[in-house]
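Trainee: My structure is below; once you've seen it, I'll send some questions.
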Amino acid sequence: EPVWRNAKAVEGLKTGKGEKPDFVTNFRVAEDGDNWYFAAEAFADAPRCKVTNRDGFLWEDDCVEFAVTTPKGDYYHFIVNANGALYDAYGMGVGFDYKGELKVVRTADRYVVELRAPVKEMEFDTVGAGGDWGVFLARGFQTDDPKSHRSANLFGGYAHNPLTYGKAVFAKDGR
């Protein structure tokens, strides 16, 4: 997508204890007025992913999370694992069925996720309409212990609390 041309990698994920995680993830976020674009490059030699169905418990797998809060204060939540399975929700309800584009590519040492989310599905005409938008970016990493799932996010917040999202600020060219 041309929108990625000038999008810079977002770094600085922290665990719930405020520590730098021992897994590497690079995020990118862009917009073109009509769509939000989210990308993640999640390094993992052998990502642990069991879920293959839509709206499954992806947070129990290796996964990346993107969420956006609208100027109205509501939010849309997307989780994607290395299998390409998608969890999409409006708030905490899974009744929202995202109709954008999703692409997942796996290589030997990482998986890359790109997601395009049309703003019209969020009941706005453009990204710039209506005021401030916020974003939440996170990575979940499953360890050898099935009861131990580690995660880190960019703003120290919680996916289901849009008040903890970072404010989305872009240059005029979508960066």
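The values are calculated or read from the model by the stated rules, or taken from the named source; none is laboratory data. Since this is a predicted model, take the numbers as computed values, not measurements. In this analysis, Cβ positions are derived from the backbone assuming ideal geometry, glycine residues included, and neighbour counts consider all displayed protein chains. Surface areas here come from the heavy atoms of the whole protein model, side chains and all, with no ligands, DNA or RNA. Shrake-Rupley method; radii C 1.70, N 1.55, O 1.52, S 1.80 Å.
Trainee: So for the stretch 50-66 (the condition being part of a strand (DSSP E or B) and among the basic types (Lys, Arg)), does at least one residue qualify? Explain how you work it out, then say what you get.
Mentor: Quick first cut of the stretch 50-66, residues part of a strand (DSSP E or B) only: 63-66.
Restricting the remaining residues to those that are among the basic types (Lys, Arg) gives none.
Among the residues of the stretch 50-66, not one is part of a strand (DSSP E or B) and among the basic types (Lys, Arg), which makes the answer no.
Trainee: Let me ask another. Please specify each residue of the stretch 57-73 satisfying the condition of being open to solvent by less than 10 Å² (accessible area, probe 1.4 Å) and over 19 Å from ASP22 (Cβ atoms). First the steps, then the outcome.
Mentor: Residues of the stretch 57-73 that are open to solvent by less than 10 Å² (accessible area, probe 1.4 Å), as a first pass: 58, 61-64, 66-68, 70.
Across the stretch 57-73, the qualifying residues are LEU58, PHE66, ALA67, VAL68, THR70.
Trainee: Does the stretch 139-153 include one or more residues that are within 25 Å of ASP34 (Cβ to Cβ) and either outside any helix (DSSP H, G or I) or at pLDDT 85 or above (or both)?
Mentor: no
Trainee: Can you report the number of residues in the stretch 74-125 which are closer than 19 Å to TYR165 by Cα, surrounded by fewer than 18 Cβ atoms within 10 Å (Cβ to Cβ) and at pLDDT 90 or above?
Mentor: Residues meeting the conditions: 1.
Trainee: When the residues of the stretch 154-175 are filtered to those that are over 16 Å from the mean Cα position of the chain (by Cα) and either surrounded by 13 or more Cβ atoms within 10 Å (Cβ to Cβ) or closer than 18 Å to LYS14 by Cα (or both), which remaining residue is modelled with the highest pLDDT? Can you show your working first?
Mentor: Our first condition is that a residue be over 16 Å from the mean Cα position of the chain (by Cα); within the stretch 154-175, this holds for 163, 169-175.
Imposing the further condition that a residue be either surrounded by 13 or more Cβ atoms within 10 Å (Cβ to Cβ) or closer than 18 Å to LYS14 by Cα (or both) reduces the set to 163, 170, 174-175.
Numbers: LEU163: 86, PHE170: 62, GLY174: 44, ARG175: 44.
Within the stretch 154-175, the match that is modelled with the highest pLDDT is LEU163.
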